[in-house]
Amino acid sequence: RPVEAIHEIRKAAPNQSIILVACSGKLKELDAAAREAGASGTIEKPLFRSTLYEAIINAALGEGQGFDESLFLKGRRVLIVDDVELNRMVATMMLESTGAEIERASSGREAVEKFRASPIGYYDVIFMDVMMPEMDGYQATGMIRRLDRKDAITVPIIAMTANAFTEDIKKSFEAGMDGHINKPIDLETIHRALSEVLK
């Protein structure tokens, strides 16, 4: 049963966003119980891209786990690199709420080219998806680090990945990344990672 499942998931993963997807006509009777059990939001079938996107954004921004959403990135320029459009949109909405100026790249190769074409010191931080076709985040990071410009070594690059094993984190740092955050991302995790790399 969905409400019981939400309750059990919430107990096992208290910081995880949970969205109930209900069949048409069932949402009204399930909504209150689902939210009481710990659901971050509810949506009704049939699913539309705009509805799903809105639900994910609301869940992501509404579950700060006590995090103060102050404009801690105001005036900073951030490059978000992810091959999945929805992931880029979610990360953009989160980071825009912190005052950051956002640019996006849909591949590792595009990220390298954007960085290469930008003025020195243009980007303050790069959030780099790890698993991408053609050129993954590790390869893109390596290419950025080898560019003949002084900010190629100093620009903070933070890995974004669903892989949270010790060896995955180690691989990120060995590739030249400065931080590692797990998907699905949230503002508290972003703030913690940024506090380590931005001075």
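Descriptive notes on the structure:
- In the range 143-176, the residues that are in a helix (DSSP H, G or I) and open to solvent by 40 Å² or more (accessible area, probe 1.4 Å): Met143, Ile153, Thr154, Thr166, Glu167, Ile169, Lys170, Lys171, Phe173, Glu174
- Residue that is modelled with the lowest pLDDT [pool: residues in the range 187-197 that are under 15 Å from Ile126 (Cβ atoms) and surrounded by 15 or more Cβ atoms within 10 Å (Cβ to Cβ)]: Val197
- Filtered by the rule that a residue be free of Cβ contacts under 8 Å to residues at least 24 places away in the same chain and either among the small types (Gly, Ala, Ser) or in contact with a helix residue (DSSP H, G or I) (Cβ under 8 Å, 6 or more places away or on another chain) (or both), the range 142-161 gives Arg146, Ile153.
- Filtered residue count, the range 177-186, keeping only those that are more than 14 Å from Asp124 (Cα to Cα) and open to solvent by 60 Å² or more (accessible area, probe 1.4 Å): 3
- Of all residues in the range 110-129, those being farther than 22 Å from His180 by Cβ, assigned to a helix (DSSP H, G or I) and not hydrophobic (A, V, I, L, M, F, W, C) number 2.
- Any hit, the range 178-188, residues being in contact with a Leu (Cβ under 8 Å, 6 or more places away or on another chain) and either in contact (Cβ under 8 Å) with a residue 40 or more places away in the chain or part of a helix (DSSP H, G or I) (or both): yes
- Hits in the range 32-64 - residues which are in a loop (DSSP other than H, G, I, E, B) and either open to solvent by 60 Å² or more (accessible area, probe 1.4 Å) or modelled with pLDDT of 80 or more (or both): Gly38, Ala39, Lys45, Pro46, Leu47, Phe48
- Here the condition is being out of contact with any Lys or Arg (no Cβ under 6 Å at 6 or more places or on another chain) and part of a loop (DSSP other than H, G, I, E, B); of Leu73, Leu86, it holds for Leu73 alone.
- Positions within the range 17-31 being closer than 26 Å to Ala162 by Cβ and either open to solvent by 70 Å² or more (accessible area, probe 1.4 Å) or of a type in the set (Val, Ile, Thr) (or both), in sequence order: Ile18, Ile19, Val21
- Annotation note: of Val112, Val125, the sole residue that is touching a residue at least 60 places away in the same chain (Cβ under 8 Å), surrounded by 19 or more Cβ atoms within 10 Å (Cβ to Cβ) and within 21 Å of Val84 (Cβ to Cβ) is Val125.
- When the test is whether a residue is small (Gly, Ala, Ser) and at positive phi, Gly121 passes it.
The values are calculated or read from the model by the stated rules, or taken from the named source; none is laboratory data. These figures come from a predicted structure and were not determined experimentally. Glycine also receives a Cβ, built like all others from the backbone with ideal geometry; neighbour counts cover every protein chain displayed. Areas reflect the complete protein model, heavy atoms only, side chains present, ligands, DNA and RNA absent. Shrake-Rupley method; radii C 1.70, N 1.55, O 1.52, S 1.80 Å.
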